[in-house]
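Each remark here refers to the structure printed beneath this line.
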Amino acid sequence: MEDYNSYSNPLTERYATREMSALFSEQNRITLFRKLWLALAKGEKELGLDIQDDQIAEMEAHLADIDFAAAKEREKVVRHDVMAHIYAYGLLCPKAAPIIHLGATSCYVTDNADLVIYRDALQLILRKLYAVVDRLSAFAIKYRSLPTLGFTHYQPAQLVTVGKRATLWIQDFLLDIQHASEELKRIPFRGVKGTTGTQASFLSLFDGDRRKIKALDQYVARSFGFEKSIAVSGQTYTRKIDYNLLVVLSMLAQSAYKLSMDIRLLQSMKEIEEPFEKTQVGSSAMAYKRNPMRSERIGSLARYLISLPVNCAMTASTQGFERTLDDSANRRIVMGQAFLCADAILELLLNITDGFVVYEKVIKKHVMEELPFMATETILMECVKAGGNRQELHEKIRAHSMEATKTVRVEGKPNDLIRRLQSDPAFAAAGDIKKLLNPSRFVGCAPQQVTEFINKEVKPLLKKHAGEYERFQGKIEV
């Protein structure tokens, strides 16, 4: 039943997907605790400790049937969440209860479970990133030759193409993929390290046999898909790992914000729009509005995500000695919300990139309004080749341009620079200047750059990971 009298997290209720939310759910987290306790018991049994098959079978039978109410009541008594869940697990596994958590500290389950969750969440992020790049690549190829105004300082500059601009977005996302992939490989397992990282409890359990401790550490790590665990730790793994993960997510947010801001500006110019549903309302007051709400939401979420690595940096830097507990409440909030936020941003990107609307005639209109100014260098070169004086011609173009600018901005009339130049005998050598005003002449190598970039940089990557993101290639609703 819905509870409308308590705070509801917008990331879980409105923005992120159920799939990502499930990874950070208590059900998944505590199930991982139990899997970690099971792996520990199996490893210890294999290495000679007195643990029976029926105890292992009992633990295996109750991995997911978690009595959260019993754990909650027990935590009120012991004021310790891990001990409360050990108790709740023990109620279901009376035979195994004496050996659950044998030799371990709380961070054996909390830290290792967190690292498994972060790994799985980052894999999901990467799959969606591949899908975003795939959609943007198709868009870039489709519009690789469509001239559009370039902008520097938010002022019209030399022409680019719609597809070329899209490659700038793609390039940023490729960098994000690169860093995310590298970080995914680097995520370690905390492993079996004991209370302060010395493995003293396990040294006692195995009668001083360090080889068995190392074997147990490897056994548990490999049980969860990790090749190795972190070499040394205090009670916790170093919180710099959290910082590194959030830097990756922050990079994604930066790229998404850049794309969303470009779309918002282009939509205000009526050149390119994000999808706008048939019954969508843009404004409660202004019925004609077509607001870029998805792009604005990306910007809003991205701004929050970009800020989070600083929080992790503060946590990592203040962890005194072998650990302090002031990281715990902070990490419960920050780490989950960071991944949920990244997931929400990617869902929006998948939706937007699936339904870009390009208004080619508006784009051409804007190009032709500015093209006379951009064509002046070509006109100048044609006249110089015919024997004209470059400096004198440059001054004449400057003077005519200032007058044409005045006509446009002060009088609100169309740009008449070409008419002015054609009326000036100094530019007769250029012939029919209007023939020079073909936008395709002013986009440089943009179409070829798009094709080469997609073929050489993007397609090989997408081909390599095609099976990982194909389920995100359909229409995404947000």
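I'd like to check something: does the stretch 41-52 contain any residue that is surrounded by fewer than 16 Cβ atoms within 10 Å (Cβ to Cβ), assigned to a helix (DSSP H, G or I) and hydrophobic (A, V, I, L, M, F, W, C)? No, the conditions are met nowhere in the stretch 41-52.
Just name the residue that is surrounded by the most Cβ atoms within 10 Å (Cβ to Cβ) out of those in the stretch 265-289 that are more than 30 Å from GLN337 (Cα to Cα) and at pLDDT below 95. It comes out as LYS289.
Within the stretch 333-363, the only residue that satisfies the criterion of being modelled with pLDDT of 95 or more and in a loop (DSSP other than H, G, I, E, B) is TYR359.
Can you pull out every residue in the stretch 429-478 that is surrounded by fewer than 12 Cβ atoms within 10 Å (Cβ to Cβ) and either more than 25 Å from the chain's Cα centre (by Cα) or not in a helix (DSSP H, G or I) (or both)? First the steps, then the outcome.
The initial filter retains those residues of the stretch 429-478 that are surrounded by fewer than 12 Cβ atoms within 10 Å (Cβ to Cβ), namely 432, 435, 438, 445, 456, 460, 463-464, 467, 471, 474-475, 477.
ASP432, LYS435, ASN438, CYS445, GLY474, LYS475, GLU477 - these are the residues of the stretch 429-478 that are surrounded by fewer than 12 Cβ atoms within 10 Å (Cβ to Cβ) and either more than 25 Å from the chain's Cα centre (by Cα) or not in a helix (DSSP H, G or I) (or both).
Step by step: first the residues of the stretch 213-229, then only those that are touching a residue at least 40 places away in the same chain (Cβ under 8 Å) and surrounded by 21 or more Cβ atoms within 10 Å (Cβ to Cβ), then the one that is farthest from the chain's Cα centre (by Cα). Which residue is that? The selected residue is LEU216. Only one of the numbered conditions (1) within 35 Å of the chain's Cα centre (by Cα); (2) farther than 22 Å from ILE213 by Cα is not met by SER106, and that is (2).
Please work out if GLN27 is surrounded by fewer than 17 Cβ atoms within 10 Å (Cβ to Cβ) and either assigned to a helix (DSSP H, G or I) or in contact with an Asp or Glu (Cβ under 7 Å, 6 or more places away or on another chain) (or both). In short, yes.
Could you check the stretch 74-102 and list, in sequence order, the residues that are within 37 Å of the chain's Cα centre (by Cα) and among the aromatic types (Phe, Trp, Tyr)? Passing the criteria: only TYR89.
Looking at PHE33, is it closer than 20 Å to LYS193 by Cα, out of contact with any Phe, Trp or Tyr (no Cβ under 7 Å at 6 or more places or on another chain) and of a type in the set (A, V, I, L, M, F, W, C)? Write out each step before concluding.
Numbers: closer than 20 Å to LYS193 by Cα: yes; out of contact with any Phe, Trp or Tyr (no Cβ under 7 Å at 6 or more places or on another chain): yes; of a type in the set (A, V, I, L, M, F, W, C): yes.
Spelling it out, PHE33 is indeed closer than 20 Å to LYS193 by Cα, out of contact with any Phe, Trp or Tyr (no Cβ under 7 Å at 6 or more places or on another chain) and of a type in the set (A, V, I, L, M, F, W, C).
The values are calculated or read from the model by the stated rules, or taken from the named source; none is laboratory data. Note that the structure is predicted; figures quoted are calculated from it, not measured. Every residue, glycine as well, gets a Cβ built from its backbone with ideal geometry; the counts of neighbours run over all protein chains shown.
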